[in-house]
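The values are calculated or read from the model by the stated rules, or taken from the named source; none is laboratory data. Please read these numbers as outputs of a predicted model, since none were measured by experiment. FYI the Cβ positions are ideal-geometry reconstructions off the backbone, even for glycines, and counts take in every protein chain you see. In case anyone asks, the SASA skips ligands and DNA or RNA and just uses the protein heavy atoms, side chains included. Shrake-Rupley method; radii C 1.70, N 1.55, O 1.52, S 1.80 Å.
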Amino acid sequence: MIITLCVGRTGDLSQAQGLVMDEQNTSDEATSSGQEKMLWYVLKVQSNREKSIREALLKRIKREDLQEFFGEIVVPTEKVAETKNGKKKITERKLYPGYIMVNMTLTDDTWYLIRDTNGVGDFTGAAGKPMPMQQEEIDRMMGREEDKELEPAKLEIGFTPSETVKVNEGSFQNFEGVIDSIDEASGKITVLIEIFGRSTSVELEYWQLEKV
């Protein structure tokens, strides 16, 4: 009877162990699946070093063979059109100076790699805990809304309606007036200038004006 009882218990223990192992395997698979999902995080970094810090991160990821845990690393920028001396020039401007967006799987190794990279301050989040961003938020922050690519480059105008300005070039040079309206797409500004005692509407290029 003792032997039969022991065998019975052994069988029960074996089955229980099998169930435990199955549960552990299921849990491990779920954890592994969770780790494979990359999320977007925002990093605080030193201003004016965003691009070099991005390059440093890419090199470290490759050197430590952690490419499978990282997706895009982005410094959000926008194109801005500037006109100097009558010549139009397209430049890039950082949307969020001092920040980098990283698509990654957060593990001990990836967390350490990020934090140990020179120039990186911390993840954004509450109480020092990295908080992932929603894809819609990232798209908005990086200027990826629909049809964004079809939009012309933004002009860096620097004036506002009702502002007093002085014409520094052209037929009305040295005249002063008040801005009536601004066409941001074309960069043309309508200015009300007093000519022979009458307020006259004149359309000028924004680069022909300066603030008074």
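Can you confirm whether GLN67 is open to solvent by 70 Å² or more (accessible area, probe 1.4 Å), touching a residue at least 60 places away in the same chain (Cβ under 8 Å) and in contact with a helix residue (DSSP H, G or I) (Cβ under 8 Å, 6 or more places away or on another chain)?
no
Conditions: (1) modelled with pLDDT of 85 or more; (2) within 20 Å of the chain's Cα centre (by Cα). PHE159 meets all but one. Number of the miss?
Every condition holds for PHE159 apart from (2).
Among the residues of the stretch 116-138, count how many are under 17 Å from SER52 (Cβ atoms) and over 18 Å from the mean Cα position of the chain (by Cα). Before the answer, list the steps.
From the stretch 116-138, those under 17 Å from SER52 (Cβ atoms) are 116-121; that's our starting set.
With over 18 Å from the mean Cα position of the chain (by Cα) added as a condition, the list becomes 116-118.
Residues flagged as under 17 Å from SER52 (Cβ atoms) and over 18 Å from the mean Cα position of the chain (by Cα) within the stretch 116-138 amount to 3.
Within the stretch 98-115, can you find the residues that are out of contact with any strand residue (DSSP E or B) (no Cβ under 8 Å at 6 or more places or on another chain) and surrounded by 14 or more Cβ atoms within 10 Å (Cβ to Cβ)?
Going through the stretch 98-115, the residues out of contact with any strand residue (DSSP E or B) (no Cβ under 8 Å at 6 or more places or on another chain) turn out to be 107-109, 112-113.
Scanning the stretch 98-115 gives a single hit, LEU113.
I'd like the full set of residues that are over 18 Å from PHE196 (Cβ atoms), surrounded by 16 or more Cβ atoms within 10 Å (Cβ to Cβ) and among the β-branched types (Val, Ile, Thr), limited to the stretch 160-181.
VAL165, ILE179
Which of the residues spanning the stretch 65-81 are in contact with an Asp or Glu (Cβ under 7 Å, 6 or more places away or on another chain) and under 16 Å from ILE53 (Cα atoms)?
VAL75, THR77
Out of everything in the stretch 116-152 that is open to solvent by less than 100 Å² (accessible area, probe 1.4 Å), assigned to a loop (DSSP other than H, G, I, E, B) and modelled with pLDDT of 75 or more, what residue ends up being nearest to PHE69 (Cα to Cα)?
Ranking the qualifying residues of the stretch 116-152, first place goes to PRO132.
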